[in-house]
1. Looking only at region 36-95, filter to residues that are hydroxyl-bearing (Ser, Thr, Tyr) and part of a loop (DSSP other than H, G, I, E, B); which one of those is nearest to the chain's Cα centre (by Cα)?
2. Which residue pairs have Cβ atoms closer than 6 Å, lie 6 or more positions apart in sequence or on different chains, and pair a first residue in region 122-143 that is surrounded by 15 or more Cβ atoms within 10 Å (Cβ to Cβ) with a second residue that is among the charged types (D, E, K, R) and outside any loop (DSSP other than H, G, I, E, B)?
3. Out of Leu119, Leu103, report the one residue that is of a type in the set (A, V, I, L, M), assigned to a loop (DSSP other than H, G, I, E, B) and either more than 30 Å from Leu134 (Cα to Cα) or modelled with pLDDT of 95 or more (or both).
4. Could you identify the single residue in Tyr94, Tyr68 that is of a type outside the set (A, V, I, L, M, F, W, C) and over 30 Å from Gln176 (Cβ atoms)?
5. Being touching a Lys or Arg at 6+ places or on another chain (Cβ under 9 Å), surrounded by 15 or more Cβ atoms within 10 Å (Cβ to Cβ) and aromatic (Phe, Trp, Tyr) narrows it down to one residue among Tyr165, Tyr174; which is it?
6. Give me the pairs: first residue in region 95-112 and buried (at least 21 other Cβ atoms within 10 Å of the Cβ), second residue in a loop (DSSP other than H, G, I, E, B) and among the hydrophobic types (A, V, I, L, M, F, W, C), beta-carbon distance under 9 Å, and six or more apart or on different chains, which are they?
7. Return the pair list, or none, for Cβ contacts closer than 7 Å from residues in region 65-79 that are touching a residue at least 12 places away in the same chain (Cβ under 8 Å) to residues that are surrounded by fewer than 18 Cβ atoms within 10 Å (Cβ to Cβ) and among the β-branched types (Val, Ile, Thr), at least 6 apart or on different chains.
8. Being touching a helix residue (DSSP H, G or I) at 6+ places or on another chain (Cβ under 7 Å), farther than 30 Å from Ile55 by Cβ and β-branched (Val, Ile, Thr) is the requirement here; does Val163 meet it?
Amino acid sequence: MSPTKITSKEQVSQLLQNYDTFIFDCDGVIWLGDHAIPGAVESIELLTSSNKQVIFVTNNSTKSRKAYTKKFEKFGLKVSKEQIFGSAYASATYLHQFIKLPLDKKVWVMGESGIEEELKELGYTSIGGTDARLDEKFDANTTPFLPKDSSVGAVITGLDTKVNYHRLAITLQYLQDPNVEFLATN
C-alpha cells in the first residue's frame, strides 16, 4: 500500500477527524541534527492545538527523555518526557519491570549518558558508560575496572561513540558471567 500524499486542507481536516493519536520518529523525521525538518514543527503544533495525542519514538539511546525534552524546546515545542519513548528508556524499563533486576544490583553500561540517566531515574546505579577512565588505554594491571564489581547484575549496550578496546574488554568480562543479564539497544 503506497502512502497517500496530503495536498488539501480538506484532507488534513479528514485526517484530524479520523485519528486521535499520532506517533513520530525523531531523528530524520522531526529534525536532522540541530535543524528542524521543514513543516515538522508546524505539524506538531497543529496536532497539539487540535488536542491530539502526540508521541515520539527514537532508537537513539545516547539521550534520555529529559534530554529530548530540551531538544524539542530548542525548536519551540513543549513536549513532556511522558510523550517520548526512547530505546534507553525502554531498556531501563525492561530491566526493571520484566527482568526485575533488584535495585541493589548495578548495571554496567557500554553506551552513553541517555542509558545512565534513564537507569538512575528508576533507581539503578550504573558504572562504565561515560566514565572518562574508560578512555585511557587498556592495561589489565592498572584499569580501575578490574577485578569486576560483583554487584553488577546486568549489562546494557547502546551506541557508544567512544568505543575502544578498554570498553570492550571490560564489557566482555561481565558478559562471561551467566548470572549477568544482557540487553542491547539502538
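The values are calculated or read from the model by the stated rules, or taken from the named source; none is laboratory data. Values in this document were obtained by computation on a predicted structure and should not be read as measured data. For neighbour counting, all protein chains shown are included, and Cβ atoms are generated from backbone atoms with ideal geometry for every residue, glycine included.
1. So the residue we want is Ser61.
2. Here the result reads Thr125/Lys106; Ser126/Glu116; Ile127/Lys106; Gly129/Glu116; Leu134/Arg167, each pair linking region 122-143 to a residue that is among the charged types (D, E, K, R) and outside any loop (DSSP other than H, G, I, E, B).
3. Only one candidate passes the filter, namely Leu103.
4. Tyr68
5. Tyr174
6. Leu95/Leu101; Leu95/Leu122; Val107/Leu101; Trp108/Phe145; Trp108/Val180; Met110/Val163; Gly111/Leu159; Glu112/Leu159
7. Correct list of pairs: Phe75/Val41; Gly76/Val41; Leu77/Val41.
8. Considered against the rule, which asks whether it is touching a helix residue (DSSP H, G or I) at 6+ places or on another chain (Cβ under 7 Å), farther than 30 Å from Ile55 by Cβ and β-branched (Val, Ile, Thr), Val163 comes out as no.
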